[in-house]
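To start, the structure itself, in structure tokens.
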Amino acid sequence: MAKKAPIIKPKLVIAGPGAGKTHNMVDGIIKALGEIHSNRYIAVITYTNSATNNIKTRLAKRIAIPENLFIGTMHSFINRFIVIPYASVVLDKIGQEKIFMQCGTDDVFELVKKKNGKDYDNKAVAIMKAKIKDKLNEKGMITFDQTIALARECMGAEYVRRIISNRLQFLFIDEFQDTSNGIAEIIEHIRKQGKTEIYCVGDPEQYIQSFDSSVKVFGNIPILKLAANSRYDVEFNQANRRCSIPIITFLNKFNGRTFNGNKFEQKIDNSFEGPPVFFINKPQHIKDMLPVFNSECNKLAINTRERYVIGKKKDVIRRISAALDNHYVSPEKNSRQSLLGAVKDTLLSTLQLNQGQFCETHKCDVFHLRKICIAIIKAIRDGVISNQDTFGKFLLETYDLKVNAALPVMIENFQVMVSEADSKEYMTVSTIHTIKGLEADAVLAIAKTEAELLLWLETDHSIRDAYRDGEKTDYPRLGYVAFSRARKLLGIACLERISAETIQQLEELGVSVIT
């Protein structure tokens, strides 16, 4: 009897902020493309659309993205590879045609409740929600919160697990700390088939999801459980190429978690000394804090667009916005690449060529490519290009270029970019959740209360990891995410007046207090 092939051991990389996670992943994807079989897939999974676009953009600059390379969010991966092809086969309750709703079952229930004009007790609510799910499923309509549950049911079928694993030769998962127990279960099903090489990368200290019914203790999040599992090959990437030396030193106050007897701390991989982390001790009025922050930025010649002001609570964000007289931009607008660059990447992606291949194939230089992109922008502005069909028609009739792949972005995104007013002199304002994954030269993180600030500054892991009744959000790690966005300058502030003990705690952490 032939021996069963050994299961390929997945790689789990623990990497902190500024470690070059995306850069290393892109390198790994390009290496995998050299080994991929034509009938199999590479799937690259992220947790946000912005992260997806970032990986696509980086890859498009180096290669022509092939059809068997999938890059998308976890939900889009599950929908494409599991729910769409198998939900109707495995589960009788799902209609053949699938419509994915960008809302949850609770949202649909609230609409039904409003329409009926009556209240329901807890038992009636559960019954009504179950009926709503069944009714929607019969029509092939799937709410956002059902996707993972349906995928898990599908993966319960052995033949589905086998088919999916045969399709997937490589599976890359970014921001693995945000993986839920349900998603971890799906990944484990794939791992056990022994057909897929799995690469995961994440940072437990940047886990800022809400606790749910399956995760009440921080130590039970999948990345920590799998890091202690001998079935995974765990590696450390302890470099920090993003932050200045004082910021890295400050961040390491909150690191120090032990994995299999090895302590994780970031190593300085940046020669920029920079000023110390500072606290602006001017409570209540954000208008008093901003001049201090801007003055510190000016000392380092940091331009306005590279200044982020962030907080957790939405009412704090509203106060920041008001203090700036609404002269600010969102992270999405600030992190967006230039319109010309976005059009060029989109054009090359649809032609299935990189820049060098385009110039070689069409015997032209980059200036001719730029000219075509400018013409596309003008056609979008004039309404000649309004959708994928008119995009392809314009290229074929004007430049004899035939589109070979679907548009990676919607034309509406370009229409927004074309019409946007210039905002180069505006700072970026955002919640910490939204800013995750982005970075700037200077960051000012504003806590609403002293209690919130103290949780941001907590260094004891037993306290940082604790579940707090009545509060679903991981406050200490929110502080860590906020602090680690800064490259050169990090400022902290609080809307409440803080005690002498808190000032002493800041100073013990190496923070300079500005009054």
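Laboratory data are not the source of any read-out in this text; all were calculated from the coordinates shown. These numbers were taken from a predicted model, which means no experiment stands behind them. Ideal geometry is used to build each Cβ from the backbone, glycine not excepted, and the neighbour counts take in all protein chains shown.
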message: Just to check I understand the Karplus step: with θ = phi - 60° and J = 6.51 cos²θ - 1.76 cosθ + 1.60, what whole-Hz values come out for the range 375-380, glycine and proline as x?
response: 5, 5, 4, 5, 5, 5
- prompt: What does the charge count near Arg241 come to, summing +1 for each Lys or Arg and -1 for each Asp or Glu among other residues with Cβ under 12 Å from its Cβ?
  reply: +2
field: Long-range Cα-Cα pairs in the chain (distance over 41 Å), rounded percent
entry: 29
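Defining a contact as two alpha carbons under 8 Å apart and six or more residues distant in sequence, what relative contact order in percent does the chain show? Can you show the working numbers first?
Working: 832 pairs, mean separation 103.9, N = 515.
Relative CO of the chain lands at 20 percent.
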- prompt: Over the range 128-283, what is the mean sequence separation of C-alpha contacts under 8 Å (at least six apart), divided by residue count, expressed as relative contact order in percent?
  reply: 17
message: Can you give me the long-range amide H partners of Leu401? Hydrogens built in the peptide plane at 1.01 Å from N, cutoff under 5 Å, separation of 5 or more residues or another chain.
response: Leu396
- prompt: Which entries in Lys192/Lys267; Lys61/Lys363; Lys267/Lys313 show an alpha-carbon gap greater than 26 Å?
  reply: Lys192/Lys267; Lys267/Lys313
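Give me the compactness ratio for the range 104-253, meaning the Cα radius of gyration over 2.2 N^0.38 Å.
Ratio of Rg to 2.2 N^0.38 Å for the range 104-253: 1.38.
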- line: In deg cm²/dmol, rounded to the nearest 500, the helical mean residue ellipticity at 222 nm of the chain, built from -39500 (n - 2.57) for every DSSP H run of length 4 or more, is -13000 deg cm²/dmol
query: What residues qualify as long-range amide H neighbours of Gly274, i.e. H under 5 Å apart, gap of 5 or more or another chain, H built at 1.01 Å from N?
result: none
- request: Under 21 Å Cα to Cα from Lys118, which lysines show up? Leave out anything in the same chain fewer than 8 places away.
  value: Lys129, Lys131, Lys133, Lys135
message: For the range 274-316 and the range 26-71, what is the centre-to-centre distance using only Cα atoms, to the nearest Å?
response: 37
query: For the chain, what proportion of DSSP beta bridges, expressed in % and rounded to the nearest 5, is antiparallel?
result: 5
Cα-projected label distance for Ala157 with Arg318, points at 7 Å along beta-carbon direction, nm: 4.9
- prompt: Counting Lys +1, Arg +1, Asp -1, Glu -1, what net charge surrounds Thr46 among other residues with beta carbon under 15 Å of its beta carbon?
  reply: +1
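If we count every other residue with Cβ under 13 angstrom of Asn68's Cβ, Lys/Arg +1 and Asp/Glu -1, where does the sum land?
+1
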